[in-house]
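The values are calculated or read from the model by the stated rules, or taken from the named source; none is laboratory data. Quantities reported herein were computed from a predicted structural model and do not represent experimental measurements. Positions of Cβ are backbone-derived with ideal geometry, glycine not excepted, and every protein chain shown enters the neighbour counts.
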Amino acid sequence: MKINPLFIMLCLSYAGGSHAEIYKRVDANGHVTYSSEPLKGGKKLDLKPLATVPGSRTSSRGTPEDFPKVDNQTQKRRDATRRLILEDELATEERLLTSSTETLKSLENNPELVVGPDSAPNRKNAEQLKAAQDNVNLHEQNIKALRTEISNLK
């Protein structure tokens, strides 16, 4: 079956000129209703076309000519320094996680060790337990992020 080019042009011209009509109605209580079909007591809105601004493509631009360049050896030294810093931070976070985990276990296993504001021992203090658990979670997230950063290094 052969499609007539005139038919295609007719379809394209019809689709290009179509637009929805919008109707607005405000009831006695002040509720606003919008519809694409006429509403009893509603008014047709005359909407102007929206102005559009084309987006900029920053990714298509190359590196500026005056951008400082670093030789390969300098970059390797910087990467090695960064790795050392990240590994040191990872070791610190692992120590803090161990300490935080011990504190949490101590609070869970010995609720009498938690002292209330009147200096008398009380049952598990939910706020201190939650803070200890949050501390453990924080260090676990930090360790995960540091390991990800280290794995992304060359």
- When residue 119 is evaluated against the numbered criteria (1) among the polar types (S, T, N, Q); (2) loosely packed, with under 12 Cβ neighbours inside 10 Å; (3) at pLDDT below 85; (4) under 33 Å from the mean Cα position of the chain (by Cα), which criterion, by number, is the only one it fails? (4)
- Item | Yes/no for residue 66 being over 30 Å from residue 148 (Cα atoms) and either in a loop (DSSP other than H, G, I, E, B) or modelled with pLDDT of 85 or more (or both) | yes
- Query: How many residues does region 9-46 contain that are modelled with pLDDT of 80 or more, of a type outside the set (Lys, Arg) and part of a loop (DSSP other than H, G, I, E, B)?
  - Reply: 13
- Task: Give the residue, chosen from 138, 86, that is part of a helix (DSSP H, G or I) and either modelled with pLDDT under 90 or closer than 30 Å to residue 72 by Cα (or both).
- Result: 86
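Conditions (1) under 26 Å from the mean Cα position of the chain (by Cα); (2) surrounded by 13 or more Cβ atoms within 10 Å (Cβ to Cβ); (3) modelled with pLDDT under 95; (4) aromatic (Phe, Trp, Tyr), marked per residue:
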| position | (1), (2), (3), (4) |
| --- | --- |
| 94 | no, yes, no, no |
| 103 | no, yes, yes, no |
| 107 | no, yes, yes, no |
| 110 | no, no, yes, no |
| 113 | no, no, yes, no |
| 130 | yes, no, yes, no |
| 133 | yes, yes, yes, no |
| 151 | yes, no, yes, no |
